[in-house]
Amino acid sequence: MLGTHTVSLMNLDAMAEGKSNSAVVEQLRLVNQSRQLILLRAVLDRAQQRAVTLTPLPTLDEAWTLLAEVEQSNKAAVDQVLAHPQNGLWAARVLRRLSHEPEVGDGPPLWFELGRLHLLATAAAIRARHDFRLRVPVWRGTLMVPTIGLADIRSRREWDFAQVHGERGSVLIRGTAGSVQVPENPAQDGDGWIALRTLRADGYELWLDDIDPYREFDGPVPPRRLLKREADLWADGFHATWRLLTTHHPSIADELATAMTSLVPHAMTERLEPFSASHHEVFGSAMLSRPTDPVTFAATLVHELQHSKFGVLLTLIDLLDPSADNDTARLYAPWRDDPRPPTAALHGVFSFLGVTAFYRQQHTVTTGRQARTAQFEYAYSREQTLRATDTLLVDAVLSALGRRFLTKARNRLQSWDSDPLPEDVRAAAHRANLDHHLTWRLRHLHPPREMVEDLATAWLRHRPNRFTNPPNPVLRPSTGSLTHARLALVRTWLTEPDRYDEYRAEPDLAITEINGMTAADLALIDNRTDEAAELYQQQILEAPDSPTAWAGLALSIENDLLLSQPELVLAVHREIRSLSGAVTNPVRLAQWLR
């Protein structure tokens with residue numbers, strides 16, 4: 001029987017202030033465990049209500065019975081399998097499928113997805129060395145036993161089945177086109193068997209999952225086995241990261257050891273900013289590209305751990321008013337290029353609160369170049385999180401607990417502003433944040449059409465500007481992705497000063513190595529603002545609607561209106577171009593509108 005889970009006001013306040021506490025994380029882990037069991041029970045009940053046929057697999061009851069038998073002799077084996085991070089996402093996905101009729105699309109057949117329960121029962125039985133026989137699903141010739149490994153039985157059918165037979169610890173998987181004997185130690189590769197890799201450091205273990213079909217939160221996806229040398233780099237990086245955490249951030253290390261159980265490798269997308277992602281239905285797993293240094297690795301783990309914690313916390317309490325619209329993308333979030341719904345923005349605040357707290361400590365325990373890099377990331381994430389917190393306090397419909405939570409977070413972030421930091425680092429962080437906000441406004445906000453037409457007409461007729469503050473602009477989200485060349489260049493200046501000096505000497509090298517980079521960007525980051533302004537004006541002549549060029553110009557000339565309402569200057573510039581066919585000088589226009 002499941003008990004009732006709660007969170008104390010004291011613990012909620014501590015979380016709002018960015019404090020780490022493994023006891024609270026353990027409580028959240030147990031909440032997630034209960035939630036996963038409830039979802040699993042719901043899958044069984046809903047499938048029974050719909051009288052789902054699982055041919056060619058045995059019934060769900062048979063798989064459930066095997067799980068119950070194993071639990072009687074080895075509860076720990078069942079607990080470990082059922083706590084697998086992807087189970088909650090799988091169960092929620094299957095429940096959605098069971099709730100919609102008729103089924104359409106090219107996804108896996110329902111019997112295959114429901115067969116994940118058979119695979120979970122198989123995994124528990126193998127771990128417990130329990131004698132059993134069970135038919136399980138196969139996809140593209142492979143059979144994944146969750147938390148253990150993958151068998152290649154060489155079936156040529158996309159959706160197939162195999163018989164698994166376990167006796168006295170020996171496990172044979174027999175398919176329609178081949179068989180695989182699971183090694184006596186399933187953690188080792190064998191003939192036709194690929195073991196689930198494990199990262200280890202000082203007694204802490206977590207899976208490096210490159211084979212489970214449900215590992216990427218939107219399964220199934222094929223296995224993508226890392227080459228051994230890449231897996232070794234992951235192992236070395238994790239070991240160094242864990243040493244850093246246990247030495248300088250022991251409370252964070254305790255939280256990670258309590259909660260995080262799986263890392264999913266992903267391709268790198270940006271040279272100086274690793275990719276990472278998590279899902280609110282998945283507790284204790286993160287998908288990420290391999291970070292290049294222990295500090296970045298640690299910060300990424302903190303970031304995703306925070307998402308895991310917060311996802312479970314939101315199942316216990318409402319921080320947003322549940323009767324309000326919390327799912328429409330409409331808010332500015334400093335870490336995203338697109339508008340975000342209040343729920344996602346709230347997630348971001350909590351995640352980056354943890355990252356900020358990490359860098360606040362990290363910059364004090366290192367020296368030299370590493371200290372300056374950590375100082376920048378601290379100042380950068382603190383300002384990001386504070387802005388997002390203010391946005392939610394003003395524009396979201398909060399519950400009483402939500403207002404208390406965000407007010408606590410805001411007070412803590414404001415108190416950290418007094419921490420001593422080098423002025424050039426603080427200025428670089430502020431400019432990077434302002435750059436992002438300007439670019440976001442230029443892409444997504446549109447001033448009133450009538451005002452834009454009046455101003456454009458006045459400009460063309462050489463009349464004085466009778467501009468008054470316009471009503472709030474309208475949000476019309478733009479699609480497509482952006483490059484963040486200026487941020488990448490700032491990080492190069494901090495982390496690789498020699499390379500940055502090469503870029504100064506050879507701008508073409510920077511343009512080649514940094515996606516979206518221009519000579520104007522290099523001049524701006526190098527504080528050659530007059531040169532940058534001239535170059536950005538040339539860019540606007542060639543690409544008049546480029547938001548990155550307009551944001552760069554705003555940062556170069558520091559025109560008040562360009563810095564506060566860049567979308568208005570851009571809109572009037574665009575209207576003048578439409579009416580006259582000519583590209584107006586953007587600096588003169590900004591000065592006239594001012």
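Here are the numbers:
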item	result
Principal-axis tilt of helix 86-98 within the chain, Cα atoms, nearest 10 degrees	90
Protection proxy ranking of 301-308, 397-404, 471-478 - average other beta-carbon atoms within 10 Å, highest first	301-308, 397-404, 471-478
Taking Thr176, Thr296, Thr356, Thr142 and counting other C-beta atoms within 10 Å, the order from fewest to most	Thr176, Thr296, Thr142, Thr356
Cα-only Debye scattering, the range 8-112: base-10 log of I(q)/I(0) at q = 0.17, 0.21 Å⁻¹	-0.91, -1.17
Dipole magnitude (debye, nearest 20) for the range 368-518, charges at Cβ of Lys, Arg, Asp, Glu	800
At R0 = 25 Å, FRET efficiency that the Cβ-Cβ distance of Leu44 and His100 yields, to 0.05	0.90
Principal axis dimensions, largest first and in whole angstrom, of the range 396-480 by Cα	52, 39, 31
Largest-first principal axis extents of the Cα set of the range 345-414 (Å)	44, 18, 16
Counting DSSP beta bridges with both ends in the chain, the antiparallel % (nearest 5)	85
Under the Debye formula (equal points on every Cα, no solvent term), log10 I(q)/I(0) of the range 229-421 at q = 0.09, 0.15 Å⁻¹	-0.33, -0.94
Check: the range 108-204 dipole with +1 on Lys, Arg Cβ and -1 on Asp, Glu Cβ, in debye	160
Pairwise Cα inverse-distance average, inverted: Kirkwood Rh of the range 197-340 (Å)	16.5
Between 0 and 90°, nearest 10: helix 22-49 axis offset from the chain longest Cα axis	70
Descending Cα extents along the principal axes, the chain, whole Å	89, 55, 51
Glu273-Thr55 FRET efficiency (beta carbon distance; Förster radius 35 Å; 0.05 resolution)	0.15
Helical contribution to [θ] at 222 nm, DSSP H n ≥ 4, -39,500 (n - 2.57), averaged over the chain, rounded to 500	-18000 deg cm²/dmol
Most positive-pole-ward Cα, Gln375, Ile317, Ile252, against dipole of the range 229-421 from beta carbon charges	Gln375
Förster-model FRET efficiency, 56 Å R0, Asn465 and Ala14, C-beta, rounded to 0.05	0.60
The range 553-594 versus the range 307-327: alpha-carbon centroid distance in Å	41
Exposure proxy ranking, count of Cβ atoms within 10 Å, fewest first, for Glu450, Glu113	Glu450, Glu113
Part-to-part distance (alpha-carbon centres) for the range 188-253 and the range 339-395, which is given in Å	27
Charge tally in the Cβ shell below 12 Å around Glu502, where Lys, Arg are +1 and Asp, Glu are -1, Glu502 excluded	-4
Stokes-Einstein diffusion coefficient of the range 90-231, Kirkwood radius over Cα pairs, 10 °C, 1.306 mPa s, in µm²/s	100
Rounded to 5, the percent of DSSP beta bridges in the range 229-421 classed as antiparallel	50
P(r), alpha carbons of the range 127-196 - 10 Å bins starting at zero, rounded %	23, 58, 18, 0
Local electrostatic count at Ala257 - Lys and Arg +1, Asp and Glu -1, tallied over other residues with Cβ under 15 Å	-2
Length-normalised contact order for the range 229-421 - Cα pairs under 8 Å, 6+ apart - percent	17
Near-label residues of the range 12-33 by backbone N, under 13 Å of a point 7 Å along Cα→Cβ of Thr315	27-33
Local electrostatic count at Arg127 - Lys and Arg +1, Asp and Glu -1, tallied over other residues with Cβ under 13 Å	0
Cα-based equivalent ellipsoid, the range 464-594: semi-axes from gyration tensor eigenvalues, Å	30, 15, 14
Proxy reagent accessibility, fewest Cβ within 10 Å first, across Arg96, Arg574	Arg96, Arg574
Scattering curve values for the range 436-509, log₁₀ I(q)/I(0), Debye with Cα scatterers, q = 0.18 Å⁻¹	-0.81
Folded to 0 to 90 degrees: helix 228-248 orientation relative to the chain principal axis, Cα	70
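Read-outs throughout are calculated quantities, based only on the coordinates presented, and are distinct from any laboratory measurement. Predicted model, so just to flag it, every value in this text is computed and none were measured. We place every Cβ from the backbone using ideal geometry, glycine too, and count neighbours over all the protein chains shown.
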